[in-house]
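Taking it in order: structure first as structure tokens, then the write-up.
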Amino acid sequence: MRNVLKYVLLATVIVAMPILANAADKVGVVSSDEVLQNSEVGKKTMADLKAKVESKERDIQRQNEEIKRLGEDYQKKSAALSAEARAKAQSELETKARKMMEDQQGFAQQLDVEQKKLMEPLFKVFTQVVGDYAKKNGFSLIIDKRAALYYGSGLDVTADITKDFDAAARRSK
């Protein structure tokens, strides 16, 4: 069975070699992550997103500290409280903890939506820039570095794409 599989794979490679040789005249690789991290518009977008995240994280941290403080107060005073007062304090603590968890989940969902909203237009510009760059420079294929198992350093067009991306992003504003 292994030998049959080996021969089928070898035959597939032999048949595909001329097709691949003709189809991939000029190939390049680009790091979409590096373009985003190094471009002006990418840096600004990531800074905006980071500012929103940090603001919300501070709110959640304040809630967390309040719940911790209430929990400590409850532990200290619970022995002196009546059963009714203890139940009320515990209920208040659980309600605040539940609200904080809901806020955290809501924030995570909100962050996903916000990130998609900010990144979608950038991705459209990025895709257009890569296509235009490929046509202008005679590339048959440009793939993201993450998809390539190996590539020669001469195939990396990330720096050129980053420049074109910044220029296109400025024009599209």
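The values are calculated or read from the model by the stated rules, or taken from the named source; none is laboratory data. Nothing here was measured: the structure is a model prediction, and the numbers come from that model. Note: ideal-geometry Cβ built from the backbone for every residue, glycine included; neighbour counts use all protein chains shown.
Might you check whether a residue that is of a type in the set (A, V, I, L, M, F, W, C) and out of contact with any Lys or Arg (no Cβ under 8 Å at 6 or more places or on another chain) occurs anywhere in segment 64-76? No, segment 64-76 contains no residue that is of a type in the set (A, V, I, L, M, F, W, C) and out of contact with any Lys or Arg (no Cβ under 8 Å at 6 or more places or on another chain). Picking from residues in segment 100-112 that are of a type in the set (D, E, K, R) and modelled with pLDDT of 85 or more, the one that is farthest from K68 (Cα to Cα) is D112.
For segment 115-167: of the residues being of a type in the set (A, V, I, L, M, F, W, C), assigned to a helix (DSSP H, G or I) and free of Cβ contacts under 8 Å to residues at least 24 places away in the same chain, which is surrounded by the fewest Cβ atoms within 10 Å (Cβ to Cβ)? Selected residue: A147.
There is at least one residue in segment 33-42 that is exposed (fewer than 15 other Cβ atoms within 10 Å of the Cβ), within 22 Å of D160 (Cβ to Cβ), modelled with pLDDT of 90 or more and polar (S, T, N, Q). Does segment 20-32 hold any residues that are within 18 Å of Y150 (Cβ to Cβ) and modelled with pLDDT of 90 or more, and which are they? Those that are within 18 Å of Y150 (Cβ to Cβ) and modelled with pLDDT of 90 or more: K26, V27, G28, V29, V30, S31. Within the set S78, S153, S140, the sole residue that is over 23 Å from K52 (Cα atoms) and touching an Asp or Glu at 6+ places or on another chain (Cβ under 9 Å) turns out to be S140.
I'd like the residue in segment 76-94 that is of a type outside the set (K, R) and surrounded by fewer than 12 Cβ atoms within 10 Å (Cβ to Cβ) and, out of all such residues, is nearest to E66 (Cα to Cα). Can you show your working first?
First, the residues of segment 76-94 that are of a type outside the set (K, R): 78-85, 87, 89-94.
Among the residues that remain, those that are also surrounded by fewer than 12 Cβ atoms within 10 Å (Cβ to Cβ) are: 79-80, 82-84, 87, 91, 94.
Numbers: A79: 21, A80: 21, S82: 23, A83: 23, E84: 22, A87: 19, S91: 15, E94: 12 Å.
Among residues in segment 76-94 that are of a type outside the set (K, R) and surrounded by fewer than 12 Cβ atoms within 10 Å (Cβ to Cβ), the one nearest to E66 (Cα to Cα) is E94.
Summed over segment 119-168, the residues that are of a type outside the set (K, R) and in contact with a Phe, Trp or Tyr (Cβ under 9 Å, 6 or more places away or on another chain) give a count of 15. Of all residues in segment 24-47, those being in contact (Cβ under 8 Å) with a residue 40 or more places away in the chain, within 16 Å of K117 (Cβ to Cβ) and out of contact with any Asp or Glu (no Cβ under 8 Å at 6 or more places or on another chain) number 3.
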